Structure formats: C-alpha cells, structure tokens
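Take a look at the structure set out below.
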Amino acid sequence: MAQFKLSIDKREKLSYIFLVFLFIILLIGLFRLQIIEHTDLAKQSENNRIRVESIIPRRGIVTDRNGQIIIDNRPSYTVSVVPVEIVKGKTIENLSELIALDTAQIRKRIRRNMVSRYQPTPVKRDIPFEIVAILEEQYKKFPGVVYQMERVRQYNRQLGAETFTGYVGEVSENELKKISDEDVHLGSIIGKKGIEKKYDHILRGREGTKYIEITASGQLVGEYADKSKIPAEPGGNLTLSIDNDLQIACTQVFDTFCCGAIVAMDPRNGEILAMTSYPGYDANIFSSVIPESLWNEIRDDSTHPLLNRPLKGKYPPGSTVKFVGIGAGLEEGVISENSKFKPCLGGYQFGNRFFRCWKASGHGSLNAAHTLEQSCDVYMYQLGLKLGIDKLSEYYRGCGFGIKTGVDLPQEASGLNPDTKYYDKRYGKRKWTLGLVLNNSIGQGELLVTPLQLAQFFCGLANDGVVYRPHIVKKIQYFDKKEIIIKPKISFTFPFSQNTLRILQEGLKLVVEGKHGTAKRLKNEFYSIGGKTGTAENPHGDNHSWFAGVAPLDNPEIVVVAIIENAGHGSEVAAPLVGQIIKSYMTKKMEIKTVSDSLGIDSTGETE
Amino acid sequence: MTIKYSSLDWKLILAAVLLTLIGIVLIMSAQHNASTEYQQNYYQRQMIWFAIAFFIFAVIVHVPPKLFDLLAYVIYGVSIILLILVLFVGTAKMGAYGWFSFGPINFAPSDLAKIAVLFALSRFLAYTKLPVTSKRRMALTSLLVAVPVMLILKQPDLGTSLVFLVILFVLWFWSGLSPFYLLLIISPILSLVTASHWLSWSIYFVLLLIFLFSVRPGLLFGIVTVITNLAFGSVMPFLWNRLAEYQKLRILTFLDPGRDPRGAGYQIIQSKIAIGSGGIFGKGLLHGSQTRLDFLPEPHTDFIFSVLGEEFGLLGALILLFLFGVIFYRAVRIAVHCRSKFSSLLVMGAAGIIMFQFLINIGMTLGFMPVTGLPLPFVSYGGTSLVLFWSLIGFMVAAEARWQEY
C-alpha cells in the first residue's frame, strides 16, 4: 500500500496539474460560448430582449360622394400570445378560462397564425374592455399574453350597402398563397368581398414594426431605443360615387318585399349612385370572429342574403331588353320606324305552339316606338324570327349582355347570351327549334342578365349609345394627401345609328308619357321620366318584377334599375318603386338647386 | 506578537482585493435597473461588507494560527449548535432554510461551519498518528464532516453540503492520500450517476474493474469498492425518489438544460446567452441587455459571472480567471512552504473551498455544472460569504507570515 502515501513534492505537482486541468476546462467553456457560438448567442440575446410587434395601420375610411361615412373604424382590443413566452400549464389554460375559448382552439389558432415565435399571435379579436383590465392587472397570471389596440371595421348598417362594401376578415391559407404582398401574413385582416377586397391594397396601408423591450417576466420596459421603429402607413381613404341618401332610399323600398336588387347609375359617367341587394346581412359581424352558428344561419338562409344580386344575380330580363331587338331590326333593315307586322291579337301561332302576348286582348298593329310603349310581345316574336338567333345574340352582345361590365368590384357575373353555338352545345345539333328565338326576343328563355348589366344598358340608351364603364370609386386619397381621381372611361358604344337611338329613346319616353304606356303612372309635372317595365317569367315561382327608369329625359342624370323577385308585373311593383327612388333623387336635387339659386350660386359649380 | 508587513503575501491580497472590487462593480451593473432602490444599492452594501470582511481579515492575520489550532474543536462545536438552531429559527431564501435574519443582515451558519470543519479536520489530521489509509482515520474524519452535512442537507442545500466533502477530500489528499484512492472512494457516486442508463453503467463498471486490477489497492478494499458500487447502482431509483422536487429538477436540468427552457434550464440558457453574446470585448459596463432586463436570474449573486462575461467579454473573464489562478498558486506555495502541519492543511483546505465554489459557479454559468446556488468567491453579492472568503485569505496570509513556526 506504499503507493498511497505521497511526498510533498508530488502533492504540489499534482495540485498544479489539477489546477491547470480545471482552468483548461473553464477556458474551453468560455471559448466555446464567446468565440464559437458568439454570433448565435448574440442574436438570441437580441431576440430575448426585444419583442417585434407589428403596428397595424389604420384601414382607410370609405365615404360617399358627399363625404358621408360608409365604412369607418372603431377601436377594439385583440388578445395575442407570444409563442416563445408561453408557460406550460399556465398561459393557455388561464387564457382559455378568461376568454371562454377552449385550449385546443387557442393552440390551433396560435399554430395557424404564428409568424414568428417572438411575435404576438392574435388569438381573439374584439374582446371586451373588462378582459383587458384583467390582463392588465394580473399579467403575472398570463405570461406571454399581450393585448393590442386594433381597429375594427364599422359599417353603416342603415345603408344596406354590404353588396358593394363587402367585409373584412382574417386571411385564410388559400388567400395567402394568392397574395404576394409581404405585408399580409397569417392573422392579417384583409378585405374579403366588395370594395374591401377590390381596394384592399389601398385601404390596408403598410404595416409598421416596432421593437419593444421586455423583461423575462414579460413586463414592458418601453420601446427599444437602439432599433428605430418602422412607422405604419395608414390606408388610403376612398370616396365612392354612392349617394348615401339615395342608397337609403333604395334600401327602404324593400321594407315590404322579400328579395331583389336595385342599381342606380349616372349615365353621363358610369358612376354607381346606389346599389342594394336585398336581403342583406350585417357586415359588422365579420369584423370580429363570427360564431359558427351565426355563419351557418346566414349561409343556409333560403333568401340568400350573401348573394350579391346586382353583380351576381342572373335573371331573365323580360321586356326590358326589347330595345335591343327593335334596334337590331332597324339597323338590319328588317323594320323601319313606322313599318308594322301582323296585328297582335293576344298571341302568335308558331308551328304547333301558341306564343301568348302578355295582353290577352291584343295590341293591334303597332310601330316600333309604340311596341316599346305597350311592350307588345307579338311584334317582337315576328321581329325575332326575321332577325334569327345569331343576329339577335350579336346585338345583345353589342349592348353589353353576356359580358362583364368591368365594374371595380370583385366577383361579377357575365350573365348568359345564348346563340346557335350555345344551343347546339346544350341541346345537340338541330335538336332545338326556332321557338327559342321567340323567347329570346322578349327577354325570356336562356337569356340571363345581371341588374348591373341592365343598368349599364339603360345608361347607354340614355347617353346616346355611349356606355361608360360602371364604377363605384370616385377618388382615392392616400395618407400623404396624394389624390387620384378616377376618370370616367367609355366602355363601348351601342351598334346603333343616331336615328335608331332616337326611335328607341322615343319608345323609352312613351312607356311613361304615352297614352298606353305600361308605366304611365310615373308621369308627373315636375320632371320627365322614361323607362321600361319587365315581367320576367320565373320557372321556379312567381314572375320577377323589373323596371328601369331614366330621368330627367331631356338630359338624363340617373338610371335606376330594380328587380323585385317573385313580385308580379313590372308595371305594378317595380315601376312605382323606381318612381319613388327617382323622386327622392330629383327632390333632393331641386332642393339644392333652390337653395343655391336663392344664394346666387350656380348649381353646376361651373362659373365661366 | 507583531508581524512584519513586508512579510505579508501582497500578491495574494491584491488578487483578492481586485476580485472584490470587480464584484462591487458587477453588482452595481447587475442591479442598475432594479425596480427597488434597495436592490439598486446592493453594491453599496457590498462595499460596507468589504470593509467588515477586510477588518476581520486583518484581525486574522494578526492572530497566530496556533490559537485556531487550540480552539478548533470549540469552534466546531459552536457551529454545530448554530446549524441545529437555524433549522428552528432560520428564514427561507430560494427554497432553502439556512439563514439567521438580524434585520437587514442575513447570516448563514453554514458559512461559519465551513471554517469550523476546516479547523477540526486540519487539527485532527495534523496530529493523528494513524496511517494515511487507516480505516479509523477515514471514519473519524468522515464523521467530523458528516454531522454538519446532515444538518445542512436538512435545510436543504445540496451545493453547500458538497463543499464539506471537498474540504475532506482536499485534506485527505494533502495529508498524503493518493488521488487514486480518492477516486475509488467516490466511485460509488459515479456508479450512482451512471446508473441512469444500463449501458453507461455497464461501461463504467468495466472501467472500474480494469482500474482496480491495475492499481491493486488490496483485496478487501477492492471487494468493498465493487460491492458498494453495485449497491449504489441498484439503489439509484430508490434514492432518486427521495430527492426534493427542486433537486430532481436541478439534476435533470443539468443533464439537459433544454428540457424546460422557461423553468430551471431557463437560467442556464439565459446565462449562456449572456456570456456568449459578450464575445471577446463584451458589451461594456451597464450595456449588458441580458443583465439589465432581468433575463438573468439572480444576476448579483449566482450569475455574477454571466454579468462579467456579457459586459466585459472574454477579456474580462480571463482577467478574473487569472486573479483566481494567483490565489490558488499562492495557496499551494504557502501550503508547501510553511512548517506547521496544521497551517499547511488549513491553507490547502481554504484553497479547496475557494476552488470548488469557483469551479461550480463558473461551470454553472457556462452551462456544464448544475445550478447549485453557490456564489462566486469574492465577486458575488453576500456579506457572510465575503467575510468567509476573506477569512480564508487571512489564514493563508497569516500562515505565510509565520511560515517558520511549527
């Protein structure tokens, strides 16, 4: 056992060896951290002390042509979680209890919306202030939970304007794939429909970034000084061509009816003055997280509140499109201004089928303008047969049917304008009869139009064949005060000569002012109205009631097209409604004029 | 009895003074942004403690080591009584009961016990006639250590208990026992650690047998070693369950700091980030973001080295290591130089205490030692700890000043 007793020299030497060994270990440790892993750890130390937070810009405000609010923002609070700061068994559990959202759902939302582990991930939007107060007081109980002030969209419910405003919501994964803007990330709020969608890039603004210093316990120190924040750019404001008063007038007429659509436009420039789809929905509910039950209720409603009727509703236009057939006849030389067909005796025998006129007692012999005045079907049947299916279709196309109008709103339908090719495809070659032409000539059968297309058509008619592209945004005002004024754009011109147009406009006038006009009840002493009624046969139920009105006729400023679903004759239902709307427009205009005149101001605003 | 100031070990004193001053600066930096004024003024209190500690150091230097030799067992007895008392009237700090509170002053009797055990062991080993490897010698010295360790484990404080084992091992070694022998003695603990997995334990056991075969410590000793190793390896799961939750967590976190980054492992991760982000030159005084924004737990005590690493980088750390190196080197020199066996053992034991806490603390901040709550000698905030370490320096300086005395 001698080897276990050591001399003092040996012990001293061993002590030094041990100390050297010990220092080498510590030096290796230091070298590893401060030299090899330095870059990594320095980055980590940055992340630890600063939390990167997005500054959500104020979304642009949308007003009507007179500066009245259509879409506004209201302040709300959003609860977010910073994933890296989650404490197991505490953060999510306590939060779940507080905001009444189960833990699995919170986790799902965090996973889905996470941008970075160091950045707050929104969990619930629009939380009540009481919850914010609890989070503020008991922040220790909710490690990693933060709340942020966010603005929530507020839609003027009274307007019934959701058909063009659309709404906003959290971006979905599918949408994200299509958007290349780096500003849009999971959890971002983007426009989902309507103007909100079409002008999302303008309304949204640019997200900013701020760096916040926090302690390990999650307490805010303040804004981080070393890294300058990138300020957010507020979204641009939009001024629409909409007139809120007219919009309200359009919405109110539906009080007694189930469903329908109204489009009011200015034929001189294509501005949409009012547009409503009834029934609508409350766009505000989409601003925060919409409960599934409510969503299902809206989606499954048999009256289809989510259907954007003016742009996507496809209806047979009925007699409202008789102008096209007559115009085509005049252009093609099939008819002349005063030429007449066989008299109308209440119907027309074609082959083994009897095609009825809407007036069983018959109209007798009529010229072109009076055919429009009284909406005689028998005249149209004979004209249609002479023109043939493809000629008729060609003119429908020339008047904008079957083609998207190009309005600055998303998800527009093109309607349907059938021709030989279409029928061959649908029924097979020679498996269909010319009877279909008869239907087409009176706006029935396969021909389908959207209310917007019809409004565009009457604008063209009122504007001597020049059609301006329908548009709803008049002015864009960026946050830096830069303005873009949207100029009216001519979309196309009718394939009609001036003479043809004169005859058609004569018909337009006779519908209201003529002795036998189908809408003569709209005649009044203050201003002249033109128009056309329509009764669209609906295979699924009662007829749809159409009316297109133009006023004042000497210098048309407004076109109003209304369809009331399953309401019966156009002359009985839609015409008085349109009359009412035009009246509210003209009254307001005259009031302004009266006031201006008494003040000595030129109402047109164009002095010299 | 006067001493000549020229005979004092000024290099040693200077190293300790510099370490203490570095400590005060770091404490100030660590608590610069603290929420209470009390915390912000930690460094001022540390300065007062330094004055007290230096005064005690000066007293010790003037006291002949012979006196400690004579009073060794008395001091030992008093410290045992204090350790028992603290279990009943002590206050809790960081999950451990071990403090006497006198108003703002906290006194840990375990710090006094370190000195008391050092005295008692030095006294015993200096005069015993028993051979180095005698079982009675080992048993008696073990008993001297076991009593305070048992009492401290009851508090419970694992780190401090380990300090006592280190004192015992260092003194065994300095009184002549071969380190191989020490290795065999601690082999059951290695067996315990490796027993967490059957494969690691098998490898360890094979290595142990090879070692025994080559060193040949004697048949009986060999057999006892093998049996205790087998026993410790098999009772591990049982012992594991007896550990306090925080101890289990500390060990587990030590083994895998990433397993709970927000809990215990968080401290280690944050400390590593602090030191690593400091790089070569550091972020500068008061510019350590980890320190300033309290990502570092206890930046003024346990993790003071992390503050140094972050704010002064590798350069600052090297200076600190150098100063400790001076202390250890001088201690060994003195222990070899002085004629009194008691003084030699005392100095070596004192160096052992400093060395162990230095190793454990820095190892912890670098991430390869468990979080034990042992402060860094001279540097960490803490009055009694500062007094203890300056007392230890006092013993060294005193021994050197009277190196000729037996």
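Looking at (1) touching a Pro at 6+ places or on another chain (Cβ under 9 Å); (2) among the small types (Gly, Ala, Ser); (3) exposed (fewer than 14 other Cβ atoms within 10 Å of the Cβ), which one does A:Ser54 not meet, given that it meets all the others?
Only one criterion in (1) touching a Pro at 6+ places or on another chain (Cβ under 9 Å); (2) among the small types (Gly, Ala, Ser); (3) exposed (fewer than 14 other Cβ atoms within 10 Å of the Cβ) is unmet by A:Ser54, namely (3).
Are any of the residues in region B:334-348 more than 12 Å from every other protein chain (Cβ to nearest Cβ), small (Gly, Ala, Ser) and in contact (Cβ under 8 Å) with a residue 60 or more places away in the chain?
yes
Of everything in region A:328-372, what is without any contact (Cβ under 8 Å) to a residue 24 or more places away in the chain and assigned to a strand (DSSP E or B)? Give them in sequence order.
A:Gln349, A:Phe354, A:Arg356, A:Gly364
Only one of A:Glu37, A:Glu85, A:Glu53 is in contact (Cβ under 8 Å) with a residue 40 or more places away in the chain and within 11 Å of another protein chain (Cβ to nearest Cβ); which?
A:Glu85
If A:Tyr379 satisfies every condition in (1) more than 39 Å from the chain's Cα centre (by Cα); (2) closer than 25 Å to A:Glu513 by Cβ; (3) not in a helix (DSSP H, G or I) but one, which is the exception?
Answer for A:Tyr379: the failing condition is (3).
In region A:67-109, which residue that is among the polar types (S, T, N, Q) and in contact with a helix residue (DSSP H, G or I) (Cβ under 7 Å, 6 or more places away or on another chain) is modelled with the highest pLDDT? If you could, list the steps in order and put the result at the bottom.
Restricting attention to region A:67-109, the residues satisfying the condition of being among the polar types (S, T, N, Q) are A:68, A:73, A:76, A:78, A:80, A:91, A:94, A:96, A:103, A:105.
Next, only the ones that are in contact with a helix residue (DSSP H, G or I) (Cβ under 7 Å, 6 or more places away or on another chain) stay: A:68, A:94, A:96, A:103.
Details: A:Gln68: 92, A:Asn94: 88, A:Ser96: 87, A:Thr103: 87.
So, considering only residues that are among the polar types (S, T, N, Q) and in contact with a helix residue (DSSP H, G or I) (Cβ under 7 Å, 6 or more places away or on another chain), the one modelled with the highest pLDDT is A:Gln68.
Any residue in region A:22-34 that is facing chain B (nearest Cβ under 8 Å) sitting within a Cβ distance under 7 Å of a residue that is of a type outside the set (A, V, I, L, M) and part of a helix (DSSP H, G or I)? List the pairs, counting only those 6 or more apart or interchain.
Every condition considered, the pairs that remain are A:Phe23/B:Gly325; A:Leu33/B:Lys272; A:Leu33/B:Gly276; A:Gln34/B:Gly276; A:Gln34/B:Gly278; A:Gln34/B:Gly309; A:Gln34/B:Gly313.
Specify which of the listed residues (B:Leu192, B:Leu207, B:Leu184, B:Leu220) is within 14 Å of chain A (Cβ to nearest Cβ) and either surrounded by 13 or more Cβ atoms within 10 Å (Cβ to Cβ) or at positive phi (or both). Don't jump to the end; show me each part of the working.
Details: B:Leu192 fails: within 14 Å of chain A (Cβ to nearest Cβ); B:Leu207 fails: within 14 Å of chain A (Cβ to nearest Cβ); B:Leu220 fails: either surrounded by 13 or more Cβ atoms within 10 Å (Cβ to Cβ) or at positive phi (or both).
Within the list B:Leu192, B:Leu207, B:Leu184, B:Leu220, the selection yields B:Leu184.
From the list B:Leu314, B:Leu321, B:Leu366, B:Leu376, pick out the single residue that is more than 8 Å from chain A (Cβ to nearest Cβ), out of contact with any Pro (no Cβ under 6 Å at 6 or more places or on another chain) and aliphatic (A, V, I, L, M).
B:Leu376
Tally time: how many residues in region B:376-394 are at pLDDT below 90 and either under 20 Å from B:Ile319 (Cβ atoms) or part of a loop (DSSP other than H, G, I, E, B) (or both)? Write out each step before concluding.
Initial filter on region B:376-394 (at pLDDT below 90): B:382-385.
Now drop any that are not either under 20 Å from B:Ile319 (Cβ atoms) or part of a loop (DSSP other than H, G, I, E, B) (or both), which leaves B:382.
Result for region B:376-394: 1.
Name the pairs whose Cβ atoms lie under 6 Å apart, with the first residue in region B:270-287 and small (Gly, Ala, Ser), the second assigned to a loop (DSSP other than H, G, I, E, B), and 6 or more positions between them or separate chains?
Short answer, once both residue conditions are applied: B:Ser271/B:Phe303; B:Ala274/B:Leu296; B:Gly276/A:Glu37.
When you scan region A:373-401, how many residues do you find that are free of Cβ contacts under 8 Å to residues at least 40 places away in the same chain and within 30 Å of A:Leu306 (Cα to Cα)?
Of the residues in that region, 1 qualify.
Output the residues belonging to region A:151-174 that are of a type in the set (S, T, N, Q), assigned to a loop (DSSP other than H, G, I, E, B) and under 14 Å from A:Thr276 (Cβ atoms).
A:Asn156
With the requirement that a residue be touching a residue at least 24 places away in the same chain (Cβ under 8 Å) and either assigned to a strand (DSSP E or B) or of a type in the set (Gly, Ala, Ser) (or both), what does region B:157-195 give you?
B:Gly159, B:Ser175, B:Gly176, B:Leu177, B:Ser187, B:Ser191, B:Ala195
Can you find a residue that is modelled with pLDDT of 90 or more and farther than 30 Å from A:Gly205 by Cα anywhere in region A:284-293?
no
Give region B:19-49 a look and list any residue that's under 30 Å from B:Leu121 (Cα atoms) and modelled with pLDDT of 95 or more, or say none.
Matches in region B:19-49: B:Leu19, B:Thr20.
Among strands (runs of 3 or more DSSP E) lying entirely in region A:404-512, which contain 3 or more residues that are surrounded by fewer than 21 Cβ atoms within 10 Å (Cβ to Cβ)?
Correct list: A:473-477, A:483-485, A:490-493.
The values are calculated or read from the model by the stated rules, or taken from the named source; none is laboratory data. What you see is a predicted model; the values in this text were computed from it and never measured. Every residue, glycine as well, gets a Cβ built from its backbone with ideal geometry; the counts of neighbours run over all protein chains shown.
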